[in-house]
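The values are calculated or read from the model by the stated rules, or taken from the named source; none is laboratory data. Please read all numbers here as calculations on a predicted model, not as lab measurements. Quick reminder, even Gly has a Cβ in these numbers, built from the backbone with ideal geometry, and neighbours come from all protein chains shown. Areas reflect the complete protein model, heavy atoms only, side chains present, ligands, DNA and RNA absent. Shrake-Rupley method; radii C 1.70, N 1.55, O 1.52, S 1.80 Å.
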Amino acid sequence: MLFFLICLANAVDLRFKLPARQIRCFGDRLQEKEMIQGFVEGESADYSLKITDTGVNKQLLYTYHELTQKFTQLFNETTQIQICIHNLAHYQMNIQFFYEQGIQAELASIEDLKEVEKQVKQYNNTLQHLKSAQLDLVSLQTNRNDKMNVISSKIIFFSIITILLMIIVTIIFTIKAAKIMKMKKSY
């Protein structure tokens, strides 16, 4: 069965040189419920990719200034498409054009979507764990700051009491020392 599916798919993998400021277009006729996917890759990002549904004269995709430009499109009715690659640079560019249509493209797309969905779930779980850990850290930091403020207040309070006691002890000893000195002078 898998061999039958692979035979129904058509794929094109071209590598060509596109002269400066030139456009190269490819056309194809697609059946109802048929999917296409592929990519265009240049040696620089100075090119554009345009996909047009010529059956209804509607532009489906236009991208530019990306080194690799991927595309996927599902067609609900029989139509004709045109894929154009335009070299925007002032120099000749090597281009790779990969295009796949048919059931294999649809199956590959579903598998890709399942893998992407799985990765998104993993990223969401990781993001939730990170948010939870961040909230825990913020809570711990707030508690630590509160405790540090209480400790700082106690240290300041005891420092003030210690300084006051030292002043009082110094004054008392100074007064006693003065009395003793007066008594010694009187003898």
Selected residue [part of a loop (DSSP other than H, G, I, E, B) and small (G, A, S)] from A178, A133, A89: A89
Conditions (1) part of a helix (DSSP H, G or I); (2) within 30 Å of I23 (Cβ to Cβ); (3) polar (S, T, N, Q); number of the one not met by N94: (1)
Wholly within the stretch 1-57, strands (runs of 3 or more DSSP E) carrying at least 3 residues that are open to solvent by 30 Å² or more (accessible area, probe 1.4 Å) and either among the hydroxyl-bearing types (S, T, Y) or at pLDDT below 90 (or both): 10-18
Number of the condition not met by D112 [criteria: (1) more than 30 Å from I23 (Cβ to Cβ); (2) within 27 Å of the chain's Cα centre (by Cα)]: (1)
G55 vs. criteria within 21 Å of N10 (Cα to Cα), in contact (Cβ under 8 Å) with a residue 12 or more places away in the chain and in contact with a Phe, Trp or Tyr (Cβ under 6 Å, 6 or more places away or on another chain): no
G102, sole failed condition from (1) on the phi > 0 side of the Ramachandran plot; (2) exposed (fewer than 13 other Cβ atoms within 10 Å of the Cβ): (2)
